[in-house]
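A short write-up of the structure that comes next.
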Amino acid sequence: MHYTLRQLQVFLAVAHFENVTKAAEHLAMSQSACSGALKDLETQYDVQLFDRVGKRLQTNELGRLLRPKAEALLAMAQELEYDLKRHKDVGRIKVGATLTIGNYLAVPLISRFMQTHGATVGLEVANTQKIAEKLLNFDIDIGMIEGEYNHSDLDIIPWQEDELVCFSSPHHPFAQKAQLADYDLAQAQWILRESGSGTRQAFERAMHGLLPQLNILLELQHTEAIKRAVENDLGISCLSRISLKDAFQRGTLVPLPVPHRDFHRMFYAVLHKHKYRSAGLLRWLELCGISAGS
């Protein structure tokens, strides 16, 4: 074996930052040492892993092919080192979650994980599109998302069912209706999550055939901001029932029945197909009730 783990670290850091200087800073190396390690790796095997575009180094076809394997190999090496030092304790994992999951489901899971395994969990909250991008760039270990997402490098695993609910303030005229028809939905002013979010994706699927007629007043990135806007009678909205439970109990918001539209959806766990399944990652899947072989 002629390559070193340090060379692989350099290759992956340059692939991530597309810049030798930033990669060197990330690895606490000098720029010359970083550049030399990458050059040695390419020279040893007579290959080129990057296309030089100005000051940027863009991963070429061979580099893109080798990157997932290098990521997995380095992850295994890091876990081996951790096991040697800590006797196979579960280490830190990085979880990405979409807003509804991150705000209402992830924290209890993280608490149970840390209490059970004495490990730490890093949590990043973003919409489905951003979580998928972080997975593909190996910035996080696992994604917990609300939307369906298809990519050849990602494993999408059904996790648990959810349901969206249309709602308004108790003072809105629709709050007195037994149920809403499509005519009512088309007349309303809507306050919705942004495009790219799983909630927006599920809403648009439920509203098929009616979307061009909807009056979308605002698009907001945060669930709580949408709830505040609806409480102040700026319009009606549609969010996960999980995020609305407390507001419904307090009576500050009320559900609007739309029985002829299907608002059911799934939450998913997402993994990179080439991501090494570390002990911590396997325990997280177990905690979520997901089979490691899914």
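The values are calculated or read from the model by the stated rules, or taken from the named source; none is laboratory data. Keep in mind that what you see is a predicted model, and the values were worked out from it rather than measured. With ideal geometry, Cβ positions are generated from the backbone for all residues, glycine too; neighbour counts draw on all protein chains shown.
Just to verify a result, which residue in segment 55-65, among those that are of a type in the set (A, V, I, L, M, F, W, C) and surrounded by fewer than 17 Cβ atoms within 10 Å (Cβ to Cβ), is nearest to residue 272 (Cα to Cα)?
Taking segment 55-65 as the starting set, the residues that turn out to be of a type in the set (A, V, I, L, M, F, W, C) are 57, 62, 65.
So of that shortlist, the ones also surrounded by fewer than 17 Cβ atoms within 10 Å (Cβ to Cβ) come out as 62, 65.
Working: 62: 19, 65: 14 Å.
Selected residue: 65.
Do we have residue 71 as within 27 Å of the chain's Cα centre (by Cα) and surrounded by 12 or more Cβ atoms within 10 Å (Cβ to Cβ) here?
Here the answer is yes, as residue 71 does meet what is asked.
What tally of residues in segment 107-132 results from selecting those that are under 16 Å from residue 243 (Cβ atoms) and either of a type in the set (Val, Ile, Thr) or not assigned by TED's automatic domain parsing to the domain that holds residue 155 (or both)?
Here the count works out to 3.
Scan (1) more than 30 Å from residue 182 (Cβ to Cβ); (2) in contact (Cβ under 8 Å) with a residue 40 or more places away in the chain; (3) outside any helix (DSSP H, G or I) for the single condition residue 131 breaks and write down its number.
Going through the list (1) more than 30 Å from residue 182 (Cβ to Cβ); (2) in contact (Cβ under 8 Å) with a residue 40 or more places away in the chain; (3) outside any helix (DSSP H, G or I), residue 131 breaks only (3).
Among the residues of segment 245-254, is there at least one that is more than 20 Å from the chain's Cα centre (by Cα), surrounded by 16 or more Cβ atoms within 10 Å (Cβ to Cβ) and under 19 Å from residue 193 (Cβ atoms)?
yes
Which of (1) under 13 Å from the mean Cα position of the chain (by Cα); (2) at pLDDT 95 or above is the odd one out, the single condition residue 188 does not satisfy?
(1)
Condition check ((1) modelled with pLDDT of 95 or more; (2) in a loop (DSSP other than H, G, I, E, B)) across all residues:
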{"residue": "114", "(1), (2)": "no, no"}
{"residue": "119", "(1), (2)": "no, yes"}
{"residue": "151", "(1), (2)": "no, yes"}
{"residue": "163", "(1), (2)": "yes, no"}
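Can you tell me which residue within segment 240-294, out of those that are outside any loop (DSSP other than H, G, I, E, B) and among the hydroxyl-bearing types (Ser, Thr, Tyr), is nearest to residue 144 (Cα to Cα)? Give the steps one after another, and end with the answer.
Restricting attention to segment 240-294, the residues satisfying the condition of being outside any loop (DSSP other than H, G, I, E, B) are 240-250, 254-255, 264-272, 279-287.
Filter again for among the hydroxyl-bearing types (Ser, Thr, Tyr), leaving 240, 243, 268.
Numbers: 240: 15, 243: 16, 268: 6 Å.
Here the answer is 268.
Given segment 1-105, what helices (runs of 4 or more DSSP H) lie entirely inside it while holding 3 or more residues that are charged (D, E, K, R) and modelled with pLDDT of 90 or more?
In segment 1-105, 31-44, 61-86 are the helices (runs of 4 or more DSSP H) which contain 3 or more residues that are charged (D, E, K, R) and modelled with pLDDT of 90 or more.
Can you tell me which of 216, 156, 226 is crowded, with 20+ Cβ neighbours inside 10 Å and either outside any loop (DSSP other than H, G, I, E, B) or at positive phi (or both)?
None of the other options fit; the residue is 226.
Pairs under 8 Å by beta carbon, first residue closer than 19 Å to residue 136 by Cβ in segment 1-30, partner crowded, with 20+ Cβ neighbours inside 10 Å and of a type in the set (Val, Ile, Thr), six or more apart or different chains?
From segment 1-30, the pairs are 14/20; 23/10; 23/14.
Residues of segment 134-149 being outside any loop (DSSP other than H, G, I, E, B) and either free of Cβ contacts under 8 Å to residues at least 60 places away in the same chain or in the same structural domain as residue 202 (by TED's automatic domain parsing) (or both), which ones? Give the derivation first.
From segment 134-149, those outside any loop (DSSP other than H, G, I, E, B) are 134-136, 142-145; that's our starting set.
If the condition is that a residue be outside any loop (DSSP other than H, G, I, E, B) and either free of Cβ contacts under 8 Å to residues at least 60 places away in the same chain or in the same structural domain as residue 202 (by TED's automatic domain parsing) (or both), then 134 is the only one that fits.
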